[in-house]
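For reference, the structure discussed in these notes is given below.
Every number here is computed from the coordinates shown, using simple stated rules; none is lab data. On a predicted model such as this, the values are computed, not experimentally measured, just so you know. No Cβ is skipped: glycine too gets one built from the backbone with ideal geometry, and neighbour counts run over all protein chains shown.
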Amino acid sequence: MSIVIFGDIFTFPEGDAATNRVHTYAKGFIENGIKVHVICFESLYNSAGNGQINEIAFYHPFGQIDRSKYFLVRQYKKILKYLNTIKLFSHINKEEKIIAINICTNLLLTHLFSWFLAKLYNSKLIIEANEHPLRYFQNSALDKRLGVTKFRIETYLCDGMFCISHFLIEFYKNNGVKDHKLFLVPSTVDPERFSVISKNPNGKRYISYFGSLTFKRDSVDTLIKAFAQISSYHNEIQLVLGGFCSETERKQIVDLIEELNIQNQVKLLGYLKREEIIAYISHAHILVMVRSNNQESSASFPSKLSEFLASSKPVITVNVGEIPLYISDGVNAFMVEPESATALAEKLEYVLSNYEIAKQVGQKGKKLTDTVFNYNFQAKRMFEFISSLK
């Protein structure tokens with residue numbers, strides 16, 4: 001038997017937070033005796049092709065490296081992607097029965113296609129729900145109506161849902177989704193990835209953040225301002241920022257760093273591969289998880305937080321959403337109120353001044369990644385949930 005992780009919001013084997021979640025799901029299922037196939041359905045050029053990594057088979061049915069200059073050819077290739085996917089599913093199902101399709105998408109068309117595949121191969125369709133489902137439908141009354149209609153169709157045409165937060169569990173319940181379809185799967189991480197000894201990628205000690213480099217959702221500006229408040233007292237410490245950002249967002253970051261006159265102490269990295277990010281996380285002096293306090297933060301849970309905890313380094317996080325359900329300030333991590341540069345600066349100063357105590361707190365934080373956030377522990381629960389669905 002096998003499970004197919006299918007969608008167009010992640011790349012594989014390299015990618016962002018969504019890719020990391022796919023990796024942990026797949027590894028957990030494999031270790032519990034279930035074969036896993038990852039199908040990247042997005043129409044991306046420079047395709048990674050098909051292959052296998054850590055026993056995880058992955059495929060790119062679009063399979064295009066070069067973009068044709070002809071519009072009709074491009075559309076034909078996109079249609080061909082659907083036919084290639086059906087052939088791929090048929091091959092997988094023939095080799096080992098597909099018991100479930102875990103769908104990761106924001107597009108109704110992809111969801112409908114997934115439902116068709118689930119029906120065709122008599123498999124259960126499980127939605128991956130790790131963000132607020134109506135977050136992109138807030139601009140107008142018509143937009144909201146479209147969002148609700150999409151929501152109704154998707155939740156009706158599924159057998160189950162992996163929800164990353166209690167917030168989403170309650171949201172779906174309050175909007176008519178039956179209890180038996182809903183299953184809590186918090187952030188998952190493979191702590192073994194952070195036990196590998198690697199070379200320190202940075203010459204100096206550093207405080208670091210890795211994730212989306214945005215001011216709106218992830219409040220990276222709060223971290224930069226907080227660091228500026230302590231930087232003159234800690235010339236030996238750098239701030240290292242890594243992750244994806246648009247050119248506009250990158251300019252915002254550079255302009256703020258220059259405005260605060262901390263250019264010599266801030267390192268702004270470009271895109272990094274998974275192993276490079278792990279090296280930076282593993283050797284950080286302090287790891288900081290910043291986020292804004294809004295509906296999106298309440299509905300989701302930052303996967304980077306569980307990764308930071310896995311390093312056993314001191315972690316400072318913000319008190320938003322469901323984080324306080326798992327984190328206690330000064331016990332297994334340090335916590336501050338969101339969007340307060342002063343509060344974050346004070347906490348950074350405390351951790352730097354009491355580093356031996358902070359290291360003990362970091363070690364207790366790592367224990368969460370051996371239990372509640374552990375990929376294998378959660379994979380067992382997920383398989384039991386799939387098996388319980390009729």
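Compute the distance in nm between two label points, each set 7 Å from the Cα along the Cα-to-Cβ direction, one at residue 199 and one at residue 120.
Each label point lies 7 Å from its Cα, and together they span 4.8 nm.
Going by a ≥ b ≥ c, the root eigenvalues of the Cα gyration tensor, does the stretch 310-371 fall in the rounded group (a/c under 1.5), the prolate group (a/b larger than b/c) or the oblate group?
oblate
Below 14 Å, Cα to Cα, which aspartates and glutamates can residue 119 reach? Residues fewer than 8 away in the same chain don't count.
Counting by Cα, and skipping residues close in sequence, residue 119 has these aspartates and glutamates nearby: 159.
Between residue 372 and residue 216, how high is the FRET efficiency from 1/(1 + (r/R0)^6) when r is the Cβ-Cβ distance and R₀ = 22 Å? Nearest 0.05.
Once the sixth-power term is evaluated, E becomes 0.15.
Show me, for the stretch 206-211, the HN-Hα J-couplings you get by feeding each phi into the Karplus relation (A = 6.51, B = -1.76, C = 1.60, θ = phi - 60°), rounded to Hz, glycine and proline as x.
8, 9, 9, 9, 10, x
Note the full-extension length gain between residue 340 and residue 148 as 0.36 nm times their separation in residues minus their Cα-Cα distance, in nm to one decimal.
Extra length from residue 340 to residue 148 when fully extended: 65.7 nm.
Is there a pair in 216/366; 204/313; 124/178; 35/94; 304/367 whose C-alpha atoms are over 18 Å apart, and which pairs would that be?
216/366
Please say if the stretch 74-188 is rounded, prolate or oblate, where rounded means a/c under 1.5 for a ≥ b ≥ c the square roots of the C-alpha gyration tensor eigenvalues, and otherwise the choice is prolate for a/b larger than b/c and oblate otherwise?
Oblate is the answer for the stretch 74-188, as a/c is 1.5 or above yet b/c matches or exceeds a/b.
Report the percentage of all Cα-Cα pairs in the stretch 249-303 whose separation exceeds 17 Å, rounded to a whole percent.
Every Cα pair in the stretch 249-303 considered, those over 17 Å come to 60 percent.
In whole Å, what are the Cα extents of the stretch 192-370 along the three principal axes, biggest one first?
40, 39, 32
For the chain, set up a GNM with springs between Cα atoms under 10 Å and report which of 294, 139, 175 has the largest fluctuation.
Top of the fluctuation ranking is 139.
Classify the chain: rounded, prolate or oblate, from the alpha-carbon gyration tensor (a ≥ b ≥ c, eigenvalue square roots; a/c under 1.5 rounded; otherwise prolate if a/b is larger than b/c)?
Prolate is the answer for the chain, as a/c is 1.5 or above and a/b outweighs b/c.
Could you give the size of the charge dipole of the chain about its Cα centre, using +1 on the Cβ of each K and R and -1 on the Cβ of each D and E, expressed in debye and rounded to the nearest 20?
My answer is approximately 1220 debye.
Place the peptides 97-104, 203-210 in order of packing, highest mean first, counting for every residue the other Cβ atoms within 10 Å and averaging per peptide.
In decreasing order of mean packing, 97-104, 203-210 become 97-104, 203-210.
Calculated FRET efficiency, residue 354 and residue 140, Cβ-Cβ r, R0 45 Å, to nearest 0.05?
That gives a FRET efficiency of 0.30.
Run the numbers for residue 175 and residue 380: contour at 0.36 nm per residue of separation, minus the present Cα-Cα distance, in nm.
71.0 nm
Going 7 Å from the Cα of residue 250 along its beta-carbon direction, which residues of the stretch 270-288 have the amide nitrogen within less than 18 Å of the resulting point?
270-274, 277
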